[in-house]
Amino acid sequence: MRSKSYNESLARNDIAPYMTLDGTTPPFSIPEKMESLINGVDNMNVNVYRYPEGSYVAVSDYWNCYELDPKSLLTIEDIKPKVPNATIMDKMIMLRTAHPLPEYGRNSFITFVSLASAIPEKKSSIKLIRVKTALERHEIVNIDVDRVPYMHSFGITENYAVIIAMPFFVDPIKMFKTLIALNVLEWTRVKELQYAIFFLHTLNAYEDEDDTICLDIATYNETRSMHFFDLDILLDLLARSKQPPADLRRFKLDLSKNTVAVSSFPSSSKTDLPDHLDFPVVNEKIRSNKYCFVYGIRYNTDGEDYLHMALVKKDLCTGDGDAYWSQPYTYLTEPWFIPSPEVSREDDGITPSYARHTN
């Protein structure tokens, strides 16, 4: 991605002052931090989507995106869509999901945008958004909240969007104090919560019988996974070994009783590696429907080193189809699932992942 921040960094032969998730080393000076706040976030390099009208865009957890040419891979332009029904004061901190989801039965995507207010008397809000094109966005509903939770992904069924508000809140005042995005996020234990999780990725969601929704998530007990790739951790074998793997959990939402039941999935007798995957992908042809298979990456496969990785397949229905592939000193990217053109079953396809082998 030849973003503005990338091009300016090349021209300076240094990191240009744009907002980054964490601070730089060595840190930006105060004037550079102020400039980075003005320039905002510019690297939208988390995910790539093809929107219904045919444009390809690179997205992240921020509202803006970049359009790219899928054949030449050249960067076309940065896109700053209007936030529906939002004022200038609403747009101080705008967070979205890096994983917009296709709307069931429609030629559109669903995403959300969180608007964190720094004005005490003005509420923050979460807007559920329908995306028709890279620029065309429509508000479905606006939810006023006292505090905005950080959310990297969400769930969608045939009739519902499921937004998961974990106790990991955005404090916009801290942005103006520290000028570092990661310092804005605060893990807060809430006494009223019976079950608190941290998560980055949902697997899938679907509507079950008896007015219930099944929502599957790769969960953690705390926010340590936000620091998986801190350089001081990556260079320290002991610190890497303490990185916990995810636990797959199903949250069954009973809409008539307003209750949530939490459960795990059956394990294979051969291996438990697929029980703790993250970066999950499913067969997109069965998205928002009842399903059995999910694919992902398992880190810290032996409990000795976070960088010991496996590509895994989890059978959520019986555990009998659990499988994995792993090689020493081989590092894996997030996988994808490509179904066979003539699908005979849900798991009929290939799961590519770029693997780097090093001694």
Original post:
Since Lys127 meets every condition but one in (1) in a strand (DSSP E or B); (2) among the charged types (D, E, K, R); (3) within 22 Å of Arg250 (Cα to Cα), which condition does it not meet?
Top reply: (3)
Original post:
Does at least one position in region 134-141 carry a residue that is under 22 Å from Val184 (Cβ atoms) and in contact with a strand residue (DSSP E or B) (Cβ under 9 Å, 6 or more places away or on another chain)?
Top reply: no
Original post:
Do we find a residue being hydrophobic (A, V, I, L, M, F, W, C) and within 23 Å of Lys174 (Cα to Cα) anywhere in region 59-66?
Top reply: yes
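Consider region 48-77. How many of its residues are in a loop (DSSP other than H, G, I, E, B), within 19 Å of Arg137 (Cβ to Cβ) and not polar (S, T, N, Q)? Walk me through it before giving the result.
Taking region 48-77 and keeping what is in a loop (DSSP other than H, G, I, E, B), we get 51-55, 60-61, 63-64, 69-74.
Restricting the remaining residues to those that are within 19 Å of Arg137 (Cβ to Cβ) gives 51-55, 60-61, 63-64.
Next, from what is left, pick out any that are not polar (S, T, N, Q): 51-54, 61, 63.
Of the residues in that region, 6 qualify.
Looking at this structure, is Val312 touching a residue at least 60 places away in the same chain (Cβ under 8 Å) and not in a loop (DSSP other than H, G, I, E, B)? So that I can check it myself, show each step before the final result.
Numbers: touching a residue at least 60 places away in the same chain (Cβ under 8 Å): no; not in a loop (DSSP other than H, G, I, E, B): yes.
No, not satisfied.
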Original post:
With respect to the numbered conditions (1) within 28 Å of Asn289 (Cα to Cα); (2) touching a Cys at 6+ places or on another chain (Cβ under 8 Å), which one is the sole condition not fulfilled by Ala98?
Top reply: (2)
Original post:
If you scan region 44-64, which residues turn out to be within 14 Å of Arg2 (Cβ to Cβ), out of contact with any Leu (no Cβ under 9 Å at 6 or more places or on another chain) and not polar (S, T, N, Q)?
Top reply: Met44
Original post:
Which one of the conditions (1) without any contact (Cβ under 8 Å) to a residue 24 or more places away in the chain; (2) touching a Pro at 6+ places or on another chain (Cβ under 9 Å) does Val145 fail to meet, given that it meets all the rest?
Top reply: (2)
Original post:
If you scan region 160-184, which residues turn out to be over 15 Å from Thr97 (Cβ atoms), in contact with a Ser or Thr (Cβ under 8 Å, 6 or more places away or on another chain) and outside any loop (DSSP other than H, G, I, E, B)?
Top reply: Phe169, Pro172, Ala181, Val184
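For every residue, the table says whether it meets (1) among the hydrophobic types (A, V, I, L, M, F, W, C); (2) under 20 Å from the mean Cα position of the chain (by Cα).
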{"position": "Ser3", "(1), (2)": "no, no"}
{"position": "Pro26", "(1), (2)": "no, no"}
{"position": "Asp42", "(1), (2)": "no, yes"}
{"position": "Val57", "(1), (2)": "yes, yes"}
{"position": "Glu67", "(1), (2)": "no, yes"}
{"position": "Ser72", "(1), (2)": "no, no"}
{"position": "Glu77", "(1), (2)": "no, no"}
Subject >> Residue under evaluation Arg356, criteria (1) among the charged types (D, E, K, R); (2) within 25 Å of Gly155 (Cα to Cα); (3) touching a strand residue (DSSP E or B) at 6+ places or on another chain (Cβ under 7 Å), criterion not met >> reply: (2)
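We did not get these values from a lab; they are worked out from the coordinates using the rules stated. What you see is a predicted model, and the numbers here were worked out from it, not measured in a lab. Quick reminder, even Gly has a Cβ in these numbers, built from the backbone with ideal geometry, and neighbours come from all protein chains shown.
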